[in-house]
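Student: Got a structure for you, questions after.
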Amino acid sequence: TRDSATWYGKLTPEQQRELRERTELRFSPHNSTQFQPDAEVTLDVEIKRVDQLIVRVYELNALSFYRNSQEHLGTDVDLDGLVANSEQTLNFSVPADRRHTETLQLPTLMGRGVWIVDLLGAGTRCRALIQKGSLTPLERLGDSGQVFRIVDEAGKPRPAAHLELLGQTYLPNQQGEITLPYAEQTVRRKVLLVEERLAVPVTITHRSESYELQARFLLD
């Protein structure tokens, strides 16, 4: 257009070439950072000089990952050997010097779980990690150990969730409470809170058993 020609005229030939040949593929900074488990997921992507975009969605087994790794689950997770749960190819016919924003509809990201959204176009790749739902432990001290009750992101009890520590699984009782025996000495430990497809690592203080006797006397 006439306006673009005016702005191009203010650039050197090297700057004009760099602008035309630069490839951009990134998620918009305006995307939501939190999604409710029952909410539909849409992501805005900023694109330049990409004629064809491949969108792959992988549902991750977070429990398996955290059982075998002490690392934090991120976008650099190895996807080799995994088959995408869904894949779509989008084609665009936009001039190479124009940046445009596209909205991706991701209907397969429903319920609670963890997914990787992998984008590939013009030799450039970017990823987003989507986790829907969370688990938090509420703690009290009992006679035979620490008693945990697991709640979700809305503070509602999840009576079917369980806890894993050092390769052992601790299941809830009929009231949804999980008893973790006291340790020999107080130490900080990482545990897994698990419910179906969702696994959340948290760090707790694994307390040692201690006794205290308090007595009060009134002397006249």
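The values are calculated or read from the model by the stated rules, or taken from the named source; none is laboratory data. A quick note: this is a predicted structure, and the numbers were derived from the prediction, not measured. Please note: Cβ atoms are built from the backbone with ideal geometry, for glycine as well, and neighbour counts cover all protein chains shown. All accessible areas refer to the heavy atoms of the entire protein, side chains included, with ligands and DNA or RNA removed. Shrake-Rupley method; radii C 1.70, N 1.55, O 1.52, S 1.80 Å.
Student: Being under 24 Å from the mean Cα position of the chain (by Cα), over 22 Å from Gly113 (Cβ atoms) and open to solvent by 40 Å² or more (accessible area, probe 1.4 Å): is that true of Arg188 here?
Tutor: Values: under 24 Å from the mean Cα position of the chain (by Cα): yes; over 22 Å from Gly113 (Cβ atoms): yes; open to solvent by 40 Å² or more (accessible area, probe 1.4 Å): yes.
So Arg188 passes the test.
Student: Enumerate the strands (runs of 3 or more DSSP E) found wholly within the range 98-148, keeping only those where 2 or more residues are hydrophobic (A, V, I, L, M, F, W, C), modelled with pLDDT of 95 or more and under 14 Å from the mean Cα position of the chain (by Cα). Steps first, answer last, please.
Tutor: On the way: elements: 99-106, 113-121, 124-132, 135-141.
Per the criteria, 113-121, 124-132.
Student: Give me the pairs: first residue in the range 141-162 and more than 16 Å from Gln174 (Cα to Cα), second residue open to solvent by 20 Å² or more (accessible area, probe 1.4 Å) and of a type outside the set (Ser, Thr, Tyr), beta-carbon distance under 7 Å, and six or more apart or on different chains, which are they?
Tutor: Every condition considered, the pairs that remain are Ser144/Pro181; Gly145/Pro181; Gln146/Glu139; Gln146/Arg207; Asp152/Arg158.
Student: Separate question: Being touching a strand residue (DSSP E or B) at 6+ places or on another chain (Cβ under 9 Å), acidic (Asp, Glu), open to solvent by less than 100 Å² (accessible area, probe 1.4 Å) and more than 25 Å from Gly123 (Cβ to Cβ) is true for just one of Glu59, Glu40. Which residue is that?
Tutor: On the way: Glu40 fails: open to solvent by less than 100 Å² (accessible area, probe 1.4 Å).
Going through Glu59, Glu40 in turn, the sole match is Glu59.
Student: Need the failing condition index for Gln131 against (1) farther than 16 Å from Asn61 by Cβ; (2) open to solvent by 50 Å² or more (accessible area, probe 1.4 Å), just the number.
Tutor: Unmet for Gln131, out of (1) farther than 16 Å from Asn61 by Cβ; (2) open to solvent by 50 Å² or more (accessible area, probe 1.4 Å): (1).
Matching residues to (1) touching a Ser or Thr at 6+ places or on another chain (Cβ under 7 Å); (2) closer than 28 Å to Lys132 by Cβ; (3) of a type outside the set (Lys, Arg):
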site: Leu171; (1), (2), (3): no, yes, yes
site: Glu177; (1), (2), (3): no, yes, yes
site: Thr186; (1), (2), (3): yes, no, yes
site: Leu192; (1), (2), (3): no, yes, yes
site: Glu195; (1), (2), (3): no, yes, yes
site: Arg216; (1), (2), (3): no, no, no
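Student: Against the condition open to solvent by 100 Å² or more (accessible area, probe 1.4 Å), under 28 Å from Val202 (Cα atoms), in a loop (DSSP other than H, G, I, E, B) and of a type outside the set (D, E, K, R), how does His30 come out, does it pass?
Tutor: Numbers: open to solvent by 100 Å² or more (accessible area, probe 1.4 Å): yes; under 28 Å from Val202 (Cα atoms): no; in a loop (DSSP other than H, G, I, E, B): yes; of a type outside the set (D, E, K, R): yes.
For His30, the condition - open to solvent by 100 Å² or more (accessible area, probe 1.4 Å), under 28 Å from Val202 (Cα atoms), in a loop (DSSP other than H, G, I, E, B) and of a type outside the set (D, E, K, R) - is not met.
Student: What number of residues within the range 159-185 satisfy the criterion of being under 28 Å from the mean Cα position of the chain (by Cα) and over 24 Å from Asn68 (Cβ atoms)?
Tutor: Count: 5.
Student: Can you confirm whether the range 87-97 contains a residue that is open to solvent by less than 70 Å² (accessible area, probe 1.4 Å), touching a strand residue (DSSP E or B) at 6+ places or on another chain (Cβ under 7 Å), part of a strand (DSSP E or B) and in contact (Cβ under 8 Å) with a residue 40 or more places away in the chain?
Tutor: Checking the range 87-97: not a single residue is open to solvent by less than 70 Å² (accessible area, probe 1.4 Å), touching a strand residue (DSSP E or B) at 6+ places or on another chain (Cβ under 7 Å), part of a strand (DSSP E or B) and in contact (Cβ under 8 Å) with a residue 40 or more places away in the chain.
Student: Take the residues of the range 8-27 that are outside any loop (DSSP other than H, G, I, E, B) and exposed (fewer than 11 other Cβ atoms within 10 Å of the Cβ): which is modelled with the lowest pLDDT? Reasoning before the result, please.
Tutor: At the first step, the residues of the range 8-27 found to be outside any loop (DSSP other than H, G, I, E, B) are 8, 13-21, 24-27.
If we keep only those that are exposed (fewer than 11 other Cβ atoms within 10 Å of the Cβ) too, we end up with 13-14, 21.
Values: Pro13: 75, Glu14: 80, Glu21: 84.
The residue in question is Pro13.
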